[in-house]
Amino acid sequence: MHEGRIAVSGTVAEVVGAQPARISFELGRPAPPLPVLSAAAQHDGAAVALRSTALQQDLTTLLAWAQHHDVALRRLVARHASLDDVFRAVRTQGRSDERQEVAA
């Protein structure tokens, strides 16, 4: 439910499974360009984050890249989506819909 409307439906597993996983890490030093992954990575200084639709494949590719280039992935975190991610996505989508209605 979001603002009195049903925003998503399904089992918990279905609702959570529809959201992308997250991978985040920090680079300790400048590194070669990241490999091609299922989603574009966002950089904030040394911090890197991406939303993955293929968690195991992306993580395998990323770890192989890091080993090949001798790059340490500090504070590496890889996790599937959670109910909190679903709630945030619904809230963000609601705000996006409001902006589109105002613009129209």
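Given R₀ = 22 Å, what would the calculated FRET efficiency be for V8 paired with A49, taking r from the Cβ atoms and rounding to 0.05?
0.40
Would you list the P(r) distribution for segment 12-103, with all Cα-Cα distances sorted into 10 Å bins from 0 and each bin expressed as a whole %?
Calculated P(r), rounded to whole percents: 15, 40, 27, 15, 3.
Between S52 and residues 5 or more places away or on another chain, which pairs have amide H atoms under 5 Å apart, with H built 1.01 Å from N, and which residues are they?
Long-range HN contacts for S52: A21, R22, I23.
What list do you get for D85, D44 if you sort them by fewest beta carbons within 10 Å?
The order, fewest Cβ neighbours first, is D44, D85.
Every read-out reported here was derived from the displayed coordinates using simple, explicitly stated rules and does not represent laboratory data. It should be emphasised that the depicted structure is a prediction, and the values quoted were computed from it without experimental measurement. When we count neighbours, we look across all protein chains shown, and the Cβ atoms used for this are built from the backbone with ideal geometry, even at glycine.
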